[in-house]
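The values are calculated or read from the model by the stated rules, or taken from the named source; none is laboratory data. These figures come from a predicted structure and were not determined experimentally. Please note: Cβ atoms are built from the backbone with ideal geometry, for glycine as well, and neighbour counts cover all protein chains shown. Heavy atoms of the whole protein, side chains included, go into the accessibility calculation; ligands, DNA and RNA do not. Shrake-Rupley method; radii C 1.70, N 1.55, O 1.52, S 1.80 Å.
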Amino acid sequence: MNTSRTQQLAQRLQALSESTPEIQGAAIVSKDGLGIASVLAPPIDEDRVAAMSAAMVSLGDRIATELQRGNVEQVYIKGSDGYALLTAAGPDAVLTIIADGEARLGLLLLELRSVVRDIQDLL
């Protein structure tokens, strides 16, 4: 991936974070677990997010296959302090969003659709 595309992806994630205050971080990772671009506040580590995202999507793929649900589009995690949303962003990439517990999930998912389209155009 060339630097210009990586910068464009990071800029798109930054714009998402700025337009949606409930988002505490975002990362685009490969399905192999490598970070592509991110805007993550410390102490969140990009390498850990990438590895965990790849593992979750892999598990989601296996569950979807076993339960005959088709291809995984999203993995949703709700914890006591907020959400982690993993969304397919093309055949080889995943968009991971970390949001606080006050996030309105419907609006967040709507915004993610737009971001995914932009990411796919850049990848």
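Please report the net charge: other residues with Cβ closer than 12 Å to the Cβ of L34, K and R +1, D and E -1. Walk me through the numbers before you get to the answer.
Values: positive: K31; negative: D32, E46, D47, D92.
Combined, the nearby Lys, Arg, Asp and Glu give -3.
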(request) Quantify, in whole percent, the carbon and sulfur part of the accessible surface of the chain (1.4 Å probe; protein heavy atoms only). (result) 49 percent
(request) Compare Q24, Q68, Q14 in a GNM of the chain, Cα atoms joined below 10 Å, and give the one with the largest fluctuation. (result) Q68
(request) For the chain, divide the Cα radius of gyration by the Kirkwood radius and give the resulting Rg/Rh value with two decimals. (result) 0.94
(message) Treating only the Cβ of Lys, Arg, Asp and Glu as charged (+1, +1, -1, -1), what charge dipole size does the chain show about its Cα centre? Round to the nearest 20 debye.
(response) 260 debye
(message) Restricting to DSSP H runs of at least four residues, report the calculated mean residue ellipticity at 222 nm for the chain, -39500 (n - 2.57) per run over all residues, nearest 500 deg cm²/dmol.
(response) -15500 deg cm²/dmol
(message) Please report the spacing between the Cα centers of the stretch 84-123 and the stretch 61-78 in Å, no decimals.
(response) 16 Å
(message) Among A10, G79, S30, which residue has its Cα furthest toward the positive end of the charge dipole of the chain, with +1 on Lys/Arg Cβ and -1 on Asp/Glu Cβ?
(response) S30
(message) Could you report the stretch 7-123's accessible area per residue, 1.4 Å probe, as an integer in Å²?
(response) 58 Å²
(request) Name the most mobile residue of G79, G90, G25, meaning the one with the largest mean-square fluctuation, in a Gaussian network model of the chain with Cα contacts below 10 Å. (result) G79
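How big is the stretch 1-73 by the Kirkwood estimate over distinct Cα pairs, in Å?
So the Kirkwood estimate lands at 13.4 Å.
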(request) Would you mind calculating the relative contact order of the stretch 6-123 from Cα pairs under 8 angstrom and at least 6 residues apart, reporting the percent as a whole number? (result) 26 percent
(request) For the chain, with a Gaussian network of springs between Cα atoms less than 10 Å apart, report the residue from L112, L59, L13 with the top mean-square fluctuation. (result) L59
